[in-house]
Amino acid sequence: MDLVAKYQGVVGRVFGNENSGSSEDSYVERLLDRISNGVLAEDRRAAMLDLQSVVTESRAGQMAFGAMGFPVILSVLKEERDDVEMVRGALETLVGALTPLDHAKGPMNEVQPALMNSDLLSREVDNISLLLSLLSEEDFYVRYYTLQLLTALLTNSPQRLQEAILSIPRGITRLMDMLMDREVIRNEALLLLTYLTREAEEIQKIVVFEGAFEKIFSIIKEEGGSEGGVVVQDCLELLNNLLRNSASNQVLLRETMGFDQLLSILKLRGTTYRFTQQKTINLLSVLETMNLLIMGGPETDPGRDANKLTNKTVLVQKKVLDHLFMLGVESQWAPVPVRCMALHSIGDLIANHPKNLEELASKRLGEEPDLEPALNSVLRILLRTSSKQEFMAADYLFKNFCQQNPDGQTMLASTLILQPQSMIYAPFEEDVNMSFGSMLLHGLTTGENEGDLETCSRAASVLSHVIKGNNQCKEKVLQIQLEAPMPTLGGPEPLLHRMVKYLALASSMKSKDGKSSTSTSENVFVQPIILKLLIIWLSDCPNAVQCFLDSRPHLTYLLELVSNPTTTVCVRGLAAVLLGECVIYNKSNASGRDAFSIVDAISQKVGLTSYFLKFDEMQKSSLFTSAKPFLLRKPLTRSTAASMAEIEDVGNESSDQKNENHPMLTSVFDSPFVYFMKRLEADIREKIVEAYSSPKTQVTVVPAELEQKSGENYVDYIKRLKTFVEKQCHEIQDLLSRNATLAEDLAKTGGNNSSPLERKVSGGSDRVQLETMRRDLQEASQRIEMLKAEKAKAESEASTYKNLAGKTESDLKSLSDAYNSLEQANFRLEKEVKALKNGDIEALKEEAREEALKESEAELNDLLVCLGQEQSKVEKLGNRLRELGEDVDKLLEDIGDDVGADDGDDEEDED
């Protein structure tokens, strides 16, 4: 197999060629050989047990098995179904090979054999099909180990296993059948389906089609509902997977089974004060199911809103509020996470749903005759609880009740009746018979005496919801007058003034342990929440602005708060917005309180540059950039449920966090309020630009030089006055234009560019401003003259460089012509040299030829001479022989014959 060969290469890279791991490799190889080629059944089974031990205890064994073991084990599963013991051993071996060894974890970049084995096994769809077919076997352990093996595969290779199961006919059906098997098998199948349906929409649809809802609620009922164990948790997690982001599945549940069985899980049975950790997790899971139904479906679903409203309507009709109030309000022994999630669910149920809002407004809790409005009970929890998490949940409920519900706001505001002096500072235990508004005012006014303003800030948050966007409620609350704690301190003071007083006290109040409140996380949110109340109160309410400015120290304190470097970015930014509201919603014409006076005060005490920077810093802070439109909840799983159930208070972990990241602040400053602040900031910038661009209404002091001169007739006097007025008009228009430009630049850039005119424009007289403008003009003229001189100098230098450049260009041209001439001369010389070279070679050849002929002729002549001498000797010898009587001709023939015979003998000898 190619995969096995590739895997063997990985084994070699990890464990080396022949050193480390070689003993495990050889041992695993021998065991596999015994399994595949063994004759005795007992020996093969023993080898399977040994192999199972190796892969369960050794990483090297897992690697070696992955390199060579899959073909052998899969062959056993295919061909030896009758040998149940061998099939069990094969499945257990595969489970061991796919299970990570926690005690043998290596470096992060080291190869994980369990993951690689999962990858190798899941690559072939036939392998998954083989495993699913084993679910039909009669043996209990075969089915059990098969489910464990599929779960291990899903944990390590979820995407591939999901695709494989979808491609196998009746694959999901076989898994669903396991839900009706024995308890252990059912639990394993339930866990497998839970993992399988987390992010697989197609599998979710098939599971629902196979009757998942009926089987899930049947198992939950069999296990005892919320009192059940982890099996109930798994059932609810599977249910949530099927409902999350699937409006069609929600509709199917609502129209087939309904919500009755779901709500029955919320019902507390037996001893209501007994809440184990598992029961807490089960209740949190059911409340998460409620939240999924309330959310409706995915954002892209066109029918999401209609489905959400229908679910809300049906749930409230089924009396879900009774169960939620029992968990969130009436059950004092319920854990904090359960109470908080129940309150959140109530807030989600009533959001933008008029009928549910009416149902909540008329809801009463308790027993006859001590029935109490449900909202009163929630407010008491909000003010009394020691859990900041519970406060945020209750505050979320009130925010949703008041949002887009002017009738509900008016109803709550109508109960804001001041209690007698004896009741204002009474302990909380005596507020049972108070109305909602009286209890709220009680919370607003008790913090100062107790030395802790946290209760006051919580009540201020609720009051901000009651009056938000409702001018009628703002005017109603504006009329509330609080009596002074001591008669000697003066008459009654408006509630608005008391809130400003608490705002100032929050920066200097000592906590119960004697430390400054600025150093304790519990007081970080007091000033921002009170500032939020004041911003909402003054928004589009001139009477509230007038009331705020009635006390002169209020403006002074705000200016100091904006400039205070020891406060947080959030507090400085909110104080800047509150100052801006005193400008844009100011209808007063009184000196020192009108919008122009506020702008002058900002410019003089803070500076426009610094003032606008406060907006930019606040918008860039993490509190505003991370604002979410709604609370995002992580899905409850086995890994996260236990930690969520043990959380007692989110505020307990915030001491090491930055002030802007306090959980209460992130809850109070949600996305709608951040958007409201951005719109408000734009209006403030525009209004300040307008204030700088428009003339102020002031008493004009006529200069003494404008008086009529003695002896000057009326015609000349009028002409002189007209000329003076025209000149003044031009200067004033120019001044207003400059002011408008300055303000616009500051508003747009957030004060990045400072200007020396900033303080002088807003507070001095026109004459001083005009003198300043003239000085600036003179300085600008001087700078222009200097720039002109520098420009002339630069032009002169540029001309000089231009001449030099021309001369250099001419020299370069001359050099270029000379170079071209040299090139031509060089070419001509090379041609002549070549021609000369060719002529010399021919001459040398001819000369050599002549010398050779001469030498050959000389040699020939010498030969001829030698031949002549030899011929002469031969003739002399012949004559001598004739004289001696010899026959010369015959002698010459014999000599020739001898020569030929000698040659023949030589040839014979050679042979």
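The values are calculated or read from the model by the stated rules, or taken from the named source; none is laboratory data. Everything quoted here is computed from the prediction, not taken from an experiment. Positions of Cβ are generated from backbone atoms using ideal geometry, with glycine treated the same way; all protein chains shown enter the neighbour counts. These accessible areas exclude ligands, DNA and RNA; they are computed on the full protein's heavy atoms, side chains included. Shrake-Rupley method; radii C 1.70, N 1.55, O 1.52, S 1.80 Å.
Could you figure out which of (1) open to solvent by 10 Å² or more (accessible area, probe 1.4 Å); (2) closer than 20 Å to Phe70 by Cβ; (3) within 39 Å of the chain's Cα centre (by Cα); (4) of a type in the set (A, V, I, L, M, F, W, C) isn't true of Leu130?
Against the list (1) open to solvent by 10 Å² or more (accessible area, probe 1.4 Å); (2) closer than 20 Å to Phe70 by Cβ; (3) within 39 Å of the chain's Cα centre (by Cα); (4) of a type in the set (A, V, I, L, M, F, W, C), Leu130 comes up short only on (3).
Filter the stretch 156-212 for residues that are charged (D, E, K, R) and closer than 26 Å to Pro113 by Cβ; which is surrounded by the fewest Cβ atoms within 10 Å (Cβ to Cβ)?
Glu163
In the stretch 345-365, how many residues are open to solvent by 30 Å² or more (accessible area, probe 1.4 Å), within 24 Å of Ser226 (Cβ to Cβ) and assigned to a helix (DSSP H, G or I)?
Result for the stretch 345-365: 0.
Which residues, counting only those in the stretch 366-408, are β-branched (Val, Ile, Thr), in a helix (DSSP H, G or I) and farther than 22 Å from Asn470 by Cβ?
Within the stretch 366-408, just Ile381 meets the criteria.
Could we say that Ala306 is without any contact (Cβ under 8 Å) to a residue 60 or more places away in the chain, open to solvent by 20 Å² or more (accessible area, probe 1.4 Å), more than 20 Å from Leu412 (Cα to Cα) and part of a helix (DSSP H, G or I) here?
The answer is yes for Ala306.
What pairs can you find where one residue is in the stretch 349-365 and without any contact (Cβ under 8 Å) to a residue 24 or more places away in the chain, the other is assigned to a loop (DSSP other than H, G, I, E, B) and open to solvent by 30 Å² or more (accessible area, probe 1.4 Å), and their Cβ atoms are less than 9 Å apart, with a gap of 6+ or different chains?
Matching pairs, first to second residue: Arg364/Leu371.
Is it fair to say Ala780 is part of a helix (DSSP H, G or I) and modelled with pLDDT of 70 or more?
It is false that Ala780 is part of a helix (DSSP H, G or I) and modelled with pLDDT of 70 or more.
Is there a residue in the stretch 115-138 that is out of contact with any strand residue (DSSP E or B) (no Cβ under 6 Å at 6 or more places or on another chain), of a type in the set (Val, Ile, Thr), closer than 20 Å to Leu239 by Cα and assigned to a helix (DSSP H, G or I)?
no
Across the stretch 34-74, what is the total count of residues that are over 20 Å from Pro100 (Cα atoms) and surrounded by fewer than 23 Cβ atoms within 10 Å (Cβ to Cβ)?
Total satisfying the criteria: 16.
Would you point out the residue of the stretch 309-324, among those that are among the polar types (S, T, N, Q) and open to solvent by 10 Å² or more (accessible area, probe 1.4 Å), that is farthest from the chain's Cα centre (by Cα)?
Gln317
Pick from the stretch 34-91 the residues that are among the small types (Gly, Ala, Ser) and over 20 Å from Asn117 (Cβ atoms): which of them is modelled with the lowest pLDDT?
Gly38
Which residues, counting only those in the stretch 561-606, are acidic (Asp, Glu) and free of Cβ contacts under 8 Å to residues at least 12 places away in the same chain?
Matches in the stretch 561-606: Asp594 only.
Rundown of residues vs (1) within 30 Å of Leu613 (Cα to Cα); (2) at pLDDT 65 or above; (3) open to solvent by less than 60 Å² (accessible area, probe 1.4 Å), yes/no style:
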residue: Glu726; (1), (2), (3): no, yes, no
residue: Ser737; (1), (2), (3): yes, yes, no
residue: Val761; (1), (2), (3): yes, no, yes
residue: Gln769; (1), (2), (3): yes, no, yes
residue: Met773; (1), (2), (3): yes, yes, yes
residue: Glu785; (1), (2), (3): no, yes, no
residue: Ala794; (1), (2), (3): no, yes, yes
residue: Ala805; (1), (2), (3): no, yes, yes
residue: Thr808; (1), (2), (3): no, yes, no
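Would you point out which residue out of Leu266, Leu242, Leu292 is of a type outside the set (S, T, N, Q), surrounded by 18 or more Cβ atoms within 10 Å (Cβ to Cβ) and at pLDDT below 90?
None of the others qualify; the one that does is Leu266.
Under the condition of being in contact with a Leu (Cβ under 7 Å, 6 or more places away or on another chain) and either at pLDDT 90 or above or part of a loop (DSSP other than H, G, I, E, B) (or both), which residue from the stretch 477-493 is most open to solvent (accessible area, probe 1.4 Å)?
The qualifying residue most open to solvent (accessible area, probe 1.4 Å) is Pro492.
Can you say whether Asp407 is among the acidic types (Asp, Glu) and at pLDDT 90 or above, as far as the supplied structure shows?
Yes, satisfied.
Contact list please: Cβ distance under 7 Å, first residue in the stretch 121-139 and touching a residue at least 24 places away in the same chain (Cβ under 8 Å), second residue of a type in the set (Gly, Ala, Ser) and part of a helix (DSSP H, G or I), pairs at least six apart or on different chains.
Ser122/Ala164; Val125/Ala164; Val125/Ser167; Ile128/Ser122; Ile128/Ala164; Leu132/Gly171
Regarding Val84, is this residue free of Cβ contacts under 8 Å to residues at least 60 places away in the same chain, surrounded by fewer than 15 Cβ atoms within 10 Å (Cβ to Cβ), touching an Asp or Glu at 6+ places or on another chain (Cβ under 6 Å) and not hydroxyl-bearing (Ser, Thr, Tyr)?
yes
Taking only the stretch 527-583 into account, find how many residues are among the hydrophobic types (A, V, I, L, M, F, W, C) and open to solvent by 30 Å² or more (accessible area, probe 1.4 Å).
Count: 1.
Restricting to the stretch 92-114, and then to whatever is in a loop (DSSP other than H, G, I, E, B) and hydrophobic (A, V, I, L, M, F, W, C), can you tell me which residue is modelled with the lowest pLDDT?
Met108
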